[in-house]
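Each value in this text was obtained by applying a stated rule to the coordinates, not by laboratory testing. Keep in mind the model is a prediction, meaning the values are calculated, not measured. All Cβ positions, even for glycine, are placed from backbone atoms using ideal geometry, and neighbour counts span all protein chains on display.
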Amino acid sequence: MRTFIIIVVLFLSGLAYAVETSDLPADAGAAVAFAPPVVSSVAPASAGLLPTVLSWGDKVLSWVLALLGTLLSTYVIRKYLSGSVRDILSRALAEVVDAVMEVKQTYADGLKAGAEDGKLTREEAAEAKARALAVVKSNVGAKGLARLARVIGVDVDRWLGTKVESTLANIKGATVNPR
């Protein structure tokens, strides 16, 4: 919708420019300003084409260039934004996976080996999650967390906590029962 509005504004500004710079009287409307000159049926078609191109070419060209510039800038901005958003999210998710694996290997596996049942208690699991979140935040940094917050638009700690749990479930090979 925003692109459409920009195109309409540029078209109208080009139209206003063409009317201002035309050789028509001030009371002539925009429709008259863009009306092609009447070519006599007696004159050859090429005789009327050159004066038409010469009289309207600069006005049409400026409008076409403005339109192409708008379309190109919109395309570049969308490509840049979608690329940067994708990069931010993929880096954050990669850091989550790495942090979960690190905490699993350095903390959780040692506790599981020492436990009689081979499982973590609720407190130990909560500590492992807190450690994984701390590792992610440390690796991503303050600027990365701020960018991530702008991209996802929700609480970063909650989002990262959900991703840690999801990654852990994937590592364990657990499935979620649909309800």
Members of region 115-134 found to be outside any helix (DSSP H, G or I) and surrounded by 13 or more Cβ atoms within 10 Å (Cβ to Cβ), listed by number: L120
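Can you tell me which residue among K112, K163, K137 is in contact with a helix residue (DSSP H, G or I) (Cβ under 6 Å, 6 or more places away or on another chain) and either within 22 Å of S84 (Cβ to Cβ) or not in a loop (DSSP other than H, G, I, E, B) (or both)?
Values: K112 fails: in contact with a helix residue (DSSP H, G or I) (Cβ under 6 Å, 6 or more places away or on another chain); K137 fails: in contact with a helix residue (DSSP H, G or I) (Cβ under 6 Å, 6 or more places away or on another chain).
Exactly one residue qualifies, and that residue is K163.
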Candidate set: region 90-114, residues that are among the acidic types (D, E) and over 14 Å from T162 (Cα atoms); chosen: the one surrounded by the fewest Cβ atoms within 10 Å (Cβ to Cβ): D109
